[in-house]
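To start, the structure itself, in structure tokens.
The values are calculated or read from the model by the stated rules, or taken from the named source; none is laboratory data. Computed from a predicted model, the values in this text were never measured in an experiment. Cβ placement follows ideal geometry from the backbone for every residue including glycine, while neighbour counts extend to all protein chains displayed.
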Amino acid sequence: MSNPELDVVEFLLTTAIYSERQDLDPDDLPPAYRAVFWSDGDIERPLSATNTTASEATGVERPWSAVSGLMFTDRDDFSGAISFTDQEMAEEWYIERVDADRLERNPVLVAAFGNEFDLDYETARATNRPARADRAFIDAMLEEAFDSDDEDDEEMLDLVDVRAPAEVETTLNDLVLTPDQEGEIQKIVKAIEHRDYLAQIGLREIGKLLFVGPPGTGKTSVARALAHDLDLPFVEVKLSMITSQYLGETAKNVEKVFEVAKRLSPCILFMDEFDFVAKTRSSDEHAAIKRAVNTLLKSIDEISLIQDEVLLIGATNHPDQLDAAAWRRFDEIVNFPKPDRSMRADILRIVTREMDITDFDPDTLAELTEGLTGSDLRMVLREAVLEALTEERTTLTQADLEDAIKDFEERDNLKNMDMIDGDHDALVAGGDFSEDADAASDGGHSHDHDH
Ligand SMILES: Nc1ncnc2c1ncn2[C@@H]1O[C@H](COP(=O)(O)OP(=O)(O)OP(=O)(O)O)[C@@H](O)[C@H]1O
Ligand SMILES: [Mg+2]
């Protein structure tokens with residue numbers, strides 16, 4: 001239930017207390033409040049509470065109206081600043097109305113009033129998203145380290161995609177993992193938590209994972225979800241991009257990618273299409289690319305979760321193409337197999353969570369979808385939803401889903417069909433596959449029809 005009065009008083013109290021107490025730092029401010037006060041990578045005291053800042057931070061549309069009826073508030077007509085005429089009275093008012101759950105999400109106020117609610121300041125601070133993971137901080141860091149007027153830096157920044165954890169929508173709760181995957185994730189979470197201990201006992205070869213599996217099995221999703229759940233910035237780079245576009249500068253670009261990751265650490269550095277490395281090593285590639293790949297392997301050797309706080313995750317669909325040199329740089333290989341029957345049923349339950357489906361029976365659907373990946377199942381669902389919409393329905397039925405599975409299989413058959421020697425009946429317009437067959441033959445041997 002929203003309570004604009006309480007929301008705005010909490011904001012005013014937080015800004016007032018934070019401005020006074022030098023022992024607090026940005027990690028103590030709730031992320032929504034910080035977002036309002038970032039300026040060039042810094043949050044400076046005093047924090048000014050105005051209609052604008054209060055509204056942006058709390059989402060209350062007219063903050064002053066919400067609190068103007070209280071005895072202890074005041075607004076300066078000239079500057080627009082909202083303040084307390086009597087802060088003690090405001091504190092009493094707030095303490096009477098807040099509950100422990102809400103208070104715990106605001107470390108600044110836990111530092112001030114936690115005792116009265118049996119709340120521990122360190123715990124509240126540790127659960128609050130750290131300032132380093134804010135978009136504004138990430139942007140400031142990148143701006144400081146790289147020159148946007150410098151062409152090379154510009155190009156390099158185009159090659160990496162940096163996301164703040166709050167911008168990642170996937171969480172581990174949305175994904176169905178194998179026990180093996182869960183185990184690996186647990187190990188990494190523990191390693192990050194006990195980083196100091198690991199450094200102390202000299203265990204440094206930890207924190208380089210290789211995700212291996214066919215397309216659509218959740219490799220990218222799991223890497224992103226880790227960033228989201230662990231509050232770590234996510235730095236994604238597609239290796240083929242780095243080496244194909246800017247031939248001359250490739251080795252330098254590789255080094256810069258690692259520099260970005262170190263700057264933003266603690267963070268996750270995700271390298272998709274890792275098999276690319278193998279291809280370039282084996283074949284007769286351009287010397288610049290070979291240099292880049294060697295730089296890459298060397299950079300991987302030199303980066304460490306324990307020392308640099310960078311968790312490196314590589315992903316590939318073609319583990320068979322990786323040579324020993326690439327393979328041994330990862331300390332854990334995590335297998336992403338196609339989901340088995342019970343995983344498929346669980347994935348279907350998750351992706352349909354927000355939907356109305358009559359007679360929904362995920363176990364039967366799982367039986368019908370042998371060989372499909374998580375991504376395929378999502379596609380099946382999307383088809384079923386769109387089909388139903390063409391009949392103006394937003395409630396699906398089990399039959400809709402079963403039909404969508406059949407359509408999906410037909411599509412899949414088409415994909416594998418040999419367009420020259422294969423079953424020509426399927427290529428004749430007007431058959432069951434008319435639309436798809438037209439599209440497929442256009443790309444291949446459409447002129448065959450001309451004679
Ligand atoms: N195990 C799973 N549980 C829930 N959803 C899944 C699972 N596997 C895949 N998906 C869904 O399928 C979609 C594609 O997954 P993702 O992009 O992570 O696959 P990938 O393994 O990275 O594929 P590629 O090798 O093509 O990059 C995502 O929307 C994801 O949510
Ligand atoms: Mg992927």
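Specify which of the listed residues (E370, E383) is within 16 Å of ligand 1 (Cβ to nearest atom), surrounded by fewer than 16 Cβ atoms within 10 Å (Cβ to Cβ) and at negative phi.
On the way: E383 fails: surrounded by fewer than 16 Cβ atoms within 10 Å (Cβ to Cβ).
Only one candidate qualifies: E370.
Determine, yes or no, whether E169 is in the same structural domain as V310 (by TED's automatic domain parsing), assigned to a loop (DSSP other than H, G, I, E, B) and within 16 Å of ligand 1 (Cβ to nearest atom). Criteria met by E169.
Okay, residues lined up against (1) at pLDDT 95 or above; (2) of a type outside the set (G, A, S); (3) out of contact with any helix residue (DSSP H, G or I) (no Cβ under 7 Å at 6 or more places or on another chain):
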| residue | (1), (2), (3) |
| --- | --- |
| L159 | no, yes, no |
| A164 | yes, no, no |
| T171 | yes, yes, no |
| V176 | yes, yes, no |
| R224 | yes, yes, yes |
| P233 | yes, yes, no |
| S244 | no, no, yes |
| S265 | no, no, no |
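Here Y197 passes the criteria (1) away from ligand 2 (no atom under 16 Å from the Cβ); (2) under 24 Å from A126 (Cβ atoms); (3) in contact (Cβ under 8 Å) with a residue 40 or more places away in the chain except the one numbered (3).
Answer yes or no as to whether V168 is closer than 22 Å to S39 by Cα, within 19 Å of the chain's Cα centre (by Cα) and β-branched (V, I, T). No: the conditions fail for V168. So which residues in region 203-243 are of a type outside the set (A, V, I, L, M) and more than 10 Å from ligand 2 (Cβ to nearest atom)? R204, E205, G207, K208, P214, H228, D229, D231, P233, F234, S240, T243, listed by residue number. Against the criterion of being at pLDDT below 85 and either at positive phi or not in a strand (DSSP E or B) (or both), I300 does not qualify. Taking region 189-275 as the region of interest, none of the strands (runs of 3 or more DSSP E) fully inside it holds 3 or more residues being more than 16 Å from ligand 1 (Cβ to nearest atom), among the acidic types (D, E) and surrounded by 18 or more Cβ atoms within 10 Å (Cβ to Cβ). Condition (residue is closer than 30 Å to T50 by Cβ, loosely packed, with under 13 Cβ neighbours inside 10 Å and touching a residue at least 12 places away in the same chain (Cβ under 8 Å)) applied to region 103-115: is it met by at least one residue? Scanning region 103-115 turns up no residue that is closer than 30 Å to T50 by Cβ, loosely packed, with under 13 Cβ neighbours inside 10 Å and touching a residue at least 12 places away in the same chain (Cβ under 8 Å).
Taking region 378-399 as the range and being within 31 Å of the chain's Cα centre (by Cα) and in a helix (DSSP H, G or I) as the test, the residues that pass are R378, M379, V380, L381, R382, E383, A384, V385, L386, E387, A388, L389.
Can you tell me which residue among D320, D346, D284 is at pLDDT below 95, in a helix (DSSP H, G or I) and out of contact with any Cys (no Cβ under 7 Å at 6 or more places or on another chain)? Give the derivation first.
Numbers: D346 fails: at pLDDT below 95; D284 fails: in a helix (DSSP H, G or I).
The conditions single out D320.
Against the criterion of being surrounded by 16 or more Cβ atoms within 10 Å (Cβ to Cβ), outside any helix (DSSP H, G or I) and either of a type in the set (A, V, I, L, M, F, W, C) or at pLDDT below 95 (or both), V9 does not qualify. Pairs, please: C-beta under 8 Å, at least 6 apart or cross-chain, first residue over 10 Å from F258 (Cα atoms) and in region 291-305, second acidic (D, E) and outside any loop (DSSP other than H, G, I, E, B)? Within 8 Å, the pairs are T295/E255. Can you tell me which residues in region 137-152 are surrounded by fewer than 16 Cβ atoms within 10 Å (Cβ to Cβ) and either in the same structural domain as L12 (by TED's automatic domain parsing) or not small (G, A, S) (or both)? Once the filter is applied, which keeps residues that are surrounded by fewer than 16 Cβ atoms within 10 Å (Cβ to Cβ) and either in the same structural domain as L12 (by TED's automatic domain parsing) or not small (G, A, S) (or both), region 137-152 yields D139, E143, E144, D147, D149, D150, E151, D152. Inspect all residues belonging to region 53-60 and state whether any of them is of a type in the set (S, T, Y) and in contact with an Asp or Glu (Cβ under 6 Å, 6 or more places away or on another chain). Yes: region 53-60 contains one or more residues that are of a type in the set (S, T, Y) and in contact with an Asp or Glu (Cβ under 6 Å, 6 or more places away or on another chain). Among residues that are among the acidic types (D, E), within 16 Å of ligand 1 (Cβ to nearest atom) and in contact with an Asp or Glu (Cβ under 7 Å, 6 or more places away or on another chain), E354 is not included.
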